[in-house]
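Here is the structure we will look at, set down as structure tokens.
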Amino acid sequence: MDRLAYTALSGVLAQGYVRTQLAHELANVSTPGFKKGGGATLEFREVLGEGFPTRYQPVNNMADGSVDLSPGAPMISTGNDMDIAMNYKTVLGVQAEDGNIGFTRRGDMRITASGVVEIGTGLVVLEDGGGPLTVPPGVRITFGRDGGVYAASLDNREEQPQLVANLMLRDASQAGLVRRMDGLYETPAANGAGGDFESGPNKIEIESGRLESSNVSPIEALVSLMEFNRSFETQIKVIKSVSELDSSGEDLMKLRA
């Protein structure tokens, strides 16, 4: 009986990661550019040791923080030149709070009073060389489809925009990015230290004046969360039943004694 109880408890603990991931995704359904996890699921592995080969341990088969970079839909038209939507699996480089390079799909940018460009979470946007993207005062900023940053005078509308920098954009189709603790992306080899990586073979393009929606389906995430909740309740009932059977067995032993 004790083995049955521990098996059920292991299932509860192993499913905790998946439930947390689903709850996190539901909370970010309306976050621009948010990407769901890579689909962590459970599998059962045989526990080796003394006795009959009938014991199995539930474990997560994908708890590595991988992210699904497939585009979110629909695209949101904002009319704001500082908002960008990235194609396919393109990611934008930003400066994480620890000072290292991280990547994101968020494209809601703004210019601070000091001329530094940052995304909606307050992280500084990086130019292609790795430095913070800054713009001089009194200029209007636009973006080219290739990620070029163009500046023109606010007073002279006839002035042709001039290229002042390039956004740090990378094609992550072959990088296998994972999610960091702060929500940014990095390569698996970075181990939390962030850093740049070599761009993939696909063409990088952005579209100004639009934002990408989250690629989380609220209906699918909610249904999955409900299924895990039912499974949790079933496993708790199994543990309670085992406890009651053990108590009944102890009572019988006392009567015979």
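The values are calculated or read from the model by the stated rules, or taken from the named source; none is laboratory data. Small disclaimer: the values here were computed from a predicted structure and weren't measured. Ideal geometry is used to build each Cβ from the backbone, glycine not excepted, and the neighbour counts take in all protein chains shown.
Here GLY147 fulfils each of the conditions (1) surrounded by 13 or more Cβ atoms within 10 Å (Cβ to Cβ); (2) at negative phi apart from (2). For region 168-181, which positions are surrounded by 14 or more Cβ atoms within 10 Å (Cβ to Cβ) and out of contact with any Lys or Arg (no Cβ under 7 Å at 6 or more places or on another chain)? Selection gives MET168, LEU169, ARG170, ALA175, GLY176, LEU177, VAL178, ARG179, ARG180.
Could you tell me whether region 151-174 includes any residue that is assigned to a loop (DSSP other than H, G, I, E, B), in the same structural domain as ASN100 (by TED's automatic domain parsing) and in contact with a Pro (Cβ under 8 Å, 6 or more places away or on another chain)? Within region 151-174, one or more residues are assigned to a loop (DSSP other than H, G, I, E, B), in the same structural domain as ASN100 (by TED's automatic domain parsing) and in contact with a Pro (Cβ under 8 Å, 6 or more places away or on another chain).
Name every residue in region 96-105 that is assigned to a strand (DSSP E or B) and in contact with an Asp or Glu (Cβ under 9 Å, 6 or more places away or on another chain), in order of residue number.
Start the filter on region 96-105 by keeping residues that are assigned to a strand (DSSP E or B), which leaves 101-104.
Correct list: ILE101, GLY102, PHE103.
Restricting GLY200, GLY130, GLY120 to residues that are loosely packed, with under 14 Cβ neighbours inside 10 Å, of a type outside the set (S, T, N, Q), in contact (Cβ under 8 Å) with a residue 12 or more places away in the chain and not assigned by TED's automatic domain parsing to the domain that holds GLY37 narrows the list to GLY130.
Checked against (1) hydroxyl-bearing (Ser, Thr, Tyr); (2) buried (at least 18 other Cβ atoms within 10 Å of the Cβ); (3) under 22 Å from GLY144 (Cα atoms), SER214 passes all but condition (3). Determine, yes or no, whether GLU233 is assigned by TED's automatic domain parsing to the domain that holds LYS35, of a type outside the set (Phe, Trp, Tyr) and either in a loop (DSSP other than H, G, I, E, B) or surrounded by fewer than 17 Cβ atoms within 10 Å (Cβ to Cβ) (or both). So GLU233 fits the description; yes.
Could you tell me whether any residue of region 170-182 is closer than 21 Å to PRO32 by Cβ and without any contact (Cβ under 8 Å) to a residue 24 or more places away in the chain? Within region 170-182, one or more residues are closer than 21 Å to PRO32 by Cβ and without any contact (Cβ under 8 Å) to a residue 24 or more places away in the chain.
Answer yes or no: is there a residue in region 9-28 that is in a strand (DSSP E or B) and modelled with pLDDT under 95. No, that holds for no residue. For region 94-105, the criterion of being more than 19 Å from ALA193 (Cα to Cα) and either out of contact with any Lys or Arg (no Cβ under 9 Å at 6 or more places or on another chain) or of a type in the set (Gly, Ala, Ser) (or both) is met by none of the residues.
I'm trying to understand the selection: among the residues of region 106-150, which are closer than 17 Å to MET86 by Cβ and assigned to a loop (DSSP other than H, G, I, E, B)? Within region 106-150, ARG106, GLY107, GLY120, THR121, LEU123, ASP128, LEU133, GLY144, ARG145, ASP146, GLY147 qualify.
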